[in-house]
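Everything on this sheet refers to the single structure shown next.
Just so it is clear, none of the values below were taken in a lab; they were calculated from the coordinates. Please read all numbers here as calculations on a predicted model, not as lab measurements. Positions of Cβ are generated from backbone atoms using ideal geometry, with glycine treated the same way; all protein chains shown enter the neighbour counts.
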Amino acid sequence: MAADLSVPVLIAVNVLAWLAIHLGLAWLGTRLPAGVFDPEDWPYRRRGWERGGRLYQSLFAVRRWKGLLPDGAALFAGGFPKASLRELSGEYLRRFIVETCRGEAVHWAVLLCSPLFFLWNPWWAGLVMVAYGLAANLPCIIVQRYNRSRLRRLLRAMQDVSARHLN
């Protein structure tokens, strides 16, 4: 059921609602313990069809545009910057992998909120809000999954080199 609001008020309500959803869920995501985001759990585990992340490059050319996406880590205390690698230790890479799961979960949660916009928008504006939700979150989800695949490969390669040195 759509509310009977003027167009300027409806736009303002939609902008504020998206802002509250994005920031609220991002804040909540930073407050959840890292153990909630196990990279081997169902939502985050590797899928064969992703071809180790190569699907995202071949289908979406993710390397070309992923650097244009904002990194919201600086918005909240305890945020983990994911724009670039800051070190090459196994501990750091494992944490980075977990943080890609956290980021993916937050973006899925934001996207899943998009049907709420049908509560106060006419049906066509609700569809526009769902389209916005998809456009704003799917690229971030793609980047998290792509980066996680690359980080896993890097971590595996580092572990292989370390194992060879021990033998």
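A dipole drawn for the chain from +1 and -1 charges on Cβ atoms has a positive end, and of Gly35, Phe60, Asn137 the residue lying farthest that way is Phe60. For the range 74-84, 3J(HN,Hα) computed residue by residue from phi via the Karplus equation (6.51, -1.76, 1.60; θ = phi - 60°) reads 6, 6, 10, 4, x, x, 10, x, 10, 5, 7 Hz, glycine and proline entered as x. Model label sites at Arg64 and Ser84, defined 7 Å from Cα along the beta-carbon direction, differ in position by 2.3 nm.
With 0.36 nm allotted per residue and the present C-alpha distance subtracted, the Ala135-Leu23 stretch has 38.6 nm of extension available. Membrane-span-like helices of the chain, defined as complete DSSP H segments with a Cα extent of 18 Å or more along the helix axis and a mean Kyte hydropathy of at least 0.5, are identified as 7-31.
Value of Rg to Rh for the chain, rounded to two decimals, is 1.06; Kirkwood radius and Rg both from alpha-carbon coordinates. Calculated [222 nm] ellipticity per residue, helices only, for the chain: -21500 deg cm²/dmol; basis is -39500 (n - 2.57) per DSSP H run with n ≥ 4, divided by all residues, nearest 500. Building the convex hull from the alpha-carbon atoms of the range 71-158 and averaging its projection over directions returns 6.3 nm².
Summary value for the chain: 33 percent relative contact order, contacts being C-alpha pairs under 8 angstrom separated by 6+ residues. On the basis of the beta-carbon distance and an R0 of 41 Å, Arg51 and Ile11 show a calculated FRET efficiency of 0.50.
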